[in-house]
Amino acid sequence: MSERARSDLAIDEVVAGYGAAPVLRGVSVTARAGTITAILGANGAGKTTLLRTVDGTIRPSRGRILLGDLDMAGRRPEDVARAGISHVPEGQGVITELTVAENLALGLLLRPRADRAAALDEIYRRFAILGDRRNRAAGTLSGGERQMLVIARAMATSPRVLLLDEPSLGLAPKVVSGVLDLIRLLRDESGLTIVLVEQNARSALAIADTGIVLNLGSVVASAPAAELARDDALRRHYLGF
Amino acid sequence: MVEFLEFTLEGLSAGMIYAAIALSLVLIWRGTRVLNYAQGALAMFTSYIALEVIDRTGSYWLGFVVAIAAGLVIGAVVERTVIRPVANKPPLNAVIVTIGLLIGVEGLAGVLFTSNNRSFPPAFSITGLSIGSVALGITRNDIFTAVAVLAAAGLIAVVFQYTSVGLRLRATAFNARVARLLGVRVGRMLTLGWALAGLLGALAGMLVTPSTFLNPNSMDGIFVLGFTAAVIGGLESPVGAVAGGLILGVVLSYAAGYLGGEVVNLFGLAALMLVLMLRPSGLFSAAPARRV
Amino acid sequence: MATTPAPERPPAGDTVSLPLRAAGSAEGRPRRRPPTLVRHLGVAVLFAVLLMLASAKLSAYRDYQLAELAAFVVAVAGLTVLIGLSGQISIGNGAFMAVGGYTGALLFLHLQWPLVAIVLAATAAAAVSGAVFGFAAARLRGPYLAGATLMLAVALPSLATRFQSVFGGDQGLGFYVNVPGFLGVNFSLSEWQAWFNCGIALIALVLLANLIRSRVGRNWRALRDDEVAASLSGLNVARLQVVAFVVSAACAGAGGVLLAVVDGTVSASVFALGLSIQLLTAAVLGGLGTLTGAVWGSALLVLVPTYLENVAQSHGMTQGTSSSVPIVAYGVVLIAVMLLFPSGIQGGLLRLIALGRRRPARNQQEKGSS
């Protein structure tokens, strides 16, 4: 299997959720390496549940989650992370009691020891602000800085797939566009597969290659992002603009 | 004045033991949010194991090493078998499980080693030291106690602060969910935390038991005071645990020295309630934000 | 259609009780069940008669165990209400038992009050100590509260060794109960002890049962389930907590003096830390928050250890080791029950019965259940 194909993520007819009624009812999504796939939909549609199923927190009752040709379904979260799927959860997930450097070091632990120093330098080069704040407790960072930290930390693990859950949540508009630019840059420079869950459908579709719309646990639309952005009926019905 | 010095040194020495117990409780609490009511009983058990080794081989230090190793292993086994299933249940379940462990281990010691008092050899001489004709009130064994506890605490601190394993341990303690997403094997870290706590407990047992007899209940009182020290220091803070232990040891030593030994527990209660009424989460804790 | 008056505004600090029977029901309300108090009294009277009949048939030793059981039932019932209903943990109720026991013994020794008066006074003394502690500990939560009660359990009985002249030190104080005259000269002491203790226990259980179903009981449950929400809806959290401690301490105190009735003596060693732990485990094993659970758990506590010790000795263990066998068994059972039946035996049995009937089990225990 080619290196690129190894990073393809194929979610195949996944049924999952909490308790008796499944939140996801047979969801299939394909996210290819080097692309941004935006998952959209209203609150409660199942977007976060989807990410939590892919990252291993929730065990699907049916379906497969293929990273390349490996089925991740049912594996524990730490094993899924080690396999190369890195989830940046909603609400940022910075470990506030650790310093910036320690947060990054935690991510770097998934790389071979010899590569860590170089990778850290690269991160500080790309994210200058983190370099400035490297010895400060992560809890002292602003919202936008924290978002940068969690993305940098996820990148530190050298992932194949990056799952981003609402990266723009609670951030000022200017900061949001900075974050989205960063995500687009990541796609362009590395062969990453990026899956982006966003409430803010407009901005998400602006940088995504593919758009998936979820409603009540099922996929109701799957198309190139530009097409979705043009489809007025769909936009108004499911995405609210 | 000499008395004051004597009481202070005695208090610091006893305080070291409380600090070790307190530190082991804090380790476990931070990692797994469980209060191990059996911590003292497990220390008693490893001391019995050491005594069996010492009796059979005549070597104190072999017994010492075996006790420490047993503490590590037993701590890990307990976490994996009995604590893991209740870690995500309501906190009361873990309380009952560790109390059940306390009772069961004490009973087991009674069955295996009988419940009679047995004398326990100290590591070093327990004759009082003096400078000139001034009795200092402490012994060589007390000095060893202080050194051993500080060394163990220091070693653990270094591991936590400066190694990769330590980083993973801290990440697990602060935010297990996020740590998992970064590939940290959280389960193993929890087991490791309990193993380290078991090491500290076993050490405390080895150090304190020579001055009492060894029987299945001999660590009960010490455990309660160690627990009190941990609560005084604040369960979230390892530094608080050590400080709480030393403070408590010294305060109780003054109380026993000037007012008689029977008031020790009363003073412990008074000290605890005083601290908790002023700071409900212990001296060294950050005031918790009220979740609304 | 009859009109009903608008519901009165409840006074501040009370929960708002929903008007479940709304307008128009003035005539239609079915009177199927008699009021709570009457029901509870009825059950209590029934049990009183049964126990009286049973104690006549039992040997002196069994009467003694029955009396001991009654003492524990009162103490455990108070504790199970504290933990199960108000959500506060205590590993220190043995200390309140000590207060009750010693108060009773001192009154007996110095003032020779009648037994009932002694029991009431001992209960009151324990209640006061519960209030003091509850007040001091009002801001404590979780492990901090547990730690405070643990230290209390160890420290309070040591008052007895400190002031030996007053409390009799290790030997303790004597507490001799005599069979009252109206029962005749030949009435056995052990049977009287069983009657008296069971009588007090039944009264206590009736009072607790009413309390559980009262507004205070509901407020406790609200507090237990979500302290912040309870506080925001106007409940005085600290006061509820203190009241819970007072009630459980009173029950423990009553249990302590009843224990003295049975043992004939009060000494510090009886009220050591182990007693507090036994109370806690009995409450949990029986099922938190339920009075029948308190009875179950106390029965386990009183009856099983001697049985196991006898079994061990009959298999050749010496005294030194056989006395530890029930201890091991108790510890193993606790762990096993928590792992298998997180809601205690009561809850486990209920679930098994409900599985048999294919009905979802009434969820009697909240705290401590999975």
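The values are calculated or read from the model by the stated rules, or taken from the named source; none is laboratory data. Please read these numbers as outputs of a predicted model, since none were measured by experiment. All Cβ positions, even for glycine, are placed from backbone atoms using ideal geometry, and neighbour counts span all protein chains on display. Accessible surface areas use protein heavy atoms only, side chains included; no ligands, DNA or RNA. Shrake-Rupley method; radii C 1.70, N 1.55, O 1.52, S 1.80 Å.
Some notes on this structure:
- Residue match in the range B:128-139 (condition: touching a Phe, Trp or Tyr at 6+ places or on another chain (Cβ under 9 Å), polar (S, T, N, Q), more than 14 Å from chain C (Cβ to nearest Cβ) and open to solvent by 40 Å² or more (accessible area, probe 1.4 Å)): no
- Number of positions in the range A:54-75 that are open to solvent by 10 Å² or more (accessible area, probe 1.4 Å) and within 10 Å of chain B (Cβ to nearest Cβ): 2
- When the range A:76-98 is filtered for residues that are outside any loop (DSSP other than H, G, I, E, B), free of Cβ contacts under 8 Å to residues at least 60 places away in the same chain and either within 7 Å of chain B (Cβ to nearest Cβ) or open to solvent by 30 Å² or more (accessible area, probe 1.4 Å) (or both), the ones remaining, listed by number, are A:P77, A:E78, A:D79, A:R82.
- Test for C:S298: is it hydroxyl-bearing (S, T, Y), under 28 Å from the mean Cα position of the chain (by Cα), surrounded by 21 or more Cβ atoms within 10 Å (Cβ to Cβ) and more than 20 Å from B:L112 (Cα to Cα): yes
- Members of the range A:103-122 found to be surrounded by fewer than 20 Cβ atoms within 10 Å (Cβ to Cβ), within 11 Å of another protein chain (Cβ to nearest Cβ) and assigned to a helix (DSSP H, G or I), listed by number: A:A105, A:R113, A:R116
- Note on the range B:109-118: residues that are outside any loop (DSSP other than H, G, I, E, B) and either open to solvent by 20 Å² or more (accessible area, probe 1.4 Å) or closer than 13 Å to B:L35 by Cα (or both) total 4.
- Across the range B:251-268, the qualifying residues are those that are open to solvent by less than 20 Å² (accessible area, probe 1.4 Å) and within 20 Å of the chain's Cα centre (by Cα), and the one among them that is nearest to the other protein chains (Cβ to nearest Cβ) is B:G268.
- Failed condition for A:V150, given (1) in contact with a Lys or Arg (Cβ under 7 Å, 6 or more places away or on another chain); (2) buried (at least 18 other Cβ atoms within 10 Å of the Cβ); (3) touching a residue at least 60 places away in the same chain (Cβ under 8 Å): (1)
- As for the range C:283-290, it holds no residue that is among the polar types (S, T, N, Q) and either within 9 Å of chain B (Cβ to nearest Cβ) or part of a helix (DSSP H, G or I) (or both).
- The range A:180-194, residues that are part of a strand (DSSP E or B) and either open to solvent by 10 Å² or more (accessible area, probe 1.4 Å) or among the polar types (S, T, N, Q) (or both): A:T193
- Residue within the range A:25-48 that is open to solvent by less than 40 Å² (accessible area, probe 1.4 Å), closer than 18 Å to B:R177 by Cα and either more than 9 Å from chain B (Cβ to nearest Cβ) or assigned to a loop (DSSP other than H, G, I, E, B) (or both) present: no
- Hits in the range C:99-123 - residues which are out of contact with any Gly (no Cβ under 6 Å at 6 or more places or on another chain) and closer than 24 Å to C:A282 by Cα: C:Y102, C:V119
- Number of positions in the range B:182-214 that are modelled with pLDDT under 90 and in a loop (DSSP other than H, G, I, E, B): 2
- Only a single criterion out of (1) within 26 Å of C:S323 (Cβ to Cβ); (2) among the charged types (D, E, K, R); (3) more than 14 Å from chain C (Cβ to nearest Cβ) is not satisfied by B:D142, namely (1).
- A single member of C:V216, C:V177, C:V237 is open to solvent by less than 70 Å² (accessible area, probe 1.4 Å), in contact (Cβ under 8 Å) with a residue 12 or more places away in the chain and within 14 Å of another protein chain (Cβ to nearest Cβ), and it is C:V237.
- Boolean, C:V243 is under 21 Å from C:N197 (Cβ atoms) and open to solvent by 10 Å² or more (accessible area, probe 1.4 Å): no
Here is a yes/no grid of residues against (1) modelled with pLDDT of 90 or more; (2) touching a Leu at 6+ places or on another chain (Cβ under 7 Å):
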residue	(1), (2)
A:A138	yes, yes
A:G143	no, yes
A:Q147	no, yes
A:V175	no, no
A:I194	yes, yes
A:S203	no, yes
A:A221	no, yes
A:L234	no, yes
A:H237	no, no
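- Candidate set from the range C:163-174 (those that are of a type outside the set (A, V, I, L, M, F, W, C), assigned to a loop (DSSP other than H, G, I, E, B) and within 13 Å of another protein chain (Cβ to nearest Cβ)); member that is most open to solvent (accessible area, probe 1.4 Å): C:D170
Conditions (1) within 11 Å of another protein chain (Cβ to nearest Cβ); (2) within 29 Å of B:N88 (Cα to Cα); (3) in contact (Cβ under 8 Å) with a residue 24 or more places away in the chain, marked per residue:
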position	(1), (2), (3)
B:L181	yes, yes, no
B:V184	yes, yes, no
B:R188	yes, yes, no
B:G201	no, yes, yes
B:S211	no, no, yes
B:V239	no, yes, yes
B:A243	no, no, yes
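- Going through (1) in contact (Cβ under 8 Å) with a residue 40 or more places away in the chain; (2) closer than 30 Å to B:L62 by Cβ; (3) of a type outside the set (V, I, T); (4) surrounded by fewer than 24 Cβ atoms within 10 Å (Cβ to Cβ) one by one, B:P216 falls short only on (4).
- Of the residues contained in the range B:161-175, one or more are found to be open to solvent by 20 Å² or more (accessible area, probe 1.4 Å), part of a helix (DSSP H, G or I), among the hydrophobic types (A, V, I, L, M, F, W, C) and under 30 Å from C:L340 (Cα atoms).
- Checked against (1) assigned to a helix (DSSP H, G or I); (2) modelled with pLDDT under 90, C:G316 meets all criteria but (1).
- Residue within the range B:119-127 that is in contact (Cβ under 8 Å) with a residue 24 or more places away in the chain, open to solvent by 20 Å² or more (accessible area, probe 1.4 Å), farther than 26 Å from B:Y254 by Cβ and part of a helix (DSSP H, G or I) present: no
- Qualifying residue in the range B:90-108 (condition: out of contact with any helix residue (DSSP H, G or I) (no Cβ under 6 Å at 6 or more places or on another chain), open to solvent by less than 50 Å² (accessible area, probe 1.4 Å) and not in a helix (DSSP H, G or I)): yes
- Criterion violated by A:L51 - all others in (1) part of a strand (DSSP E or B); (2) crowded, with 23+ Cβ neighbours inside 10 Å; (3) of a type outside the set (V, I, T) satisfied: (1)
- Matching entry among C:L152, C:L211, C:L145 (being at pLDDT 85 or above, under 20 Å from the mean Cα position of the chain (by Cα) and open to solvent by 20 Å² or more (accessible area, probe 1.4 Å)): C:L211
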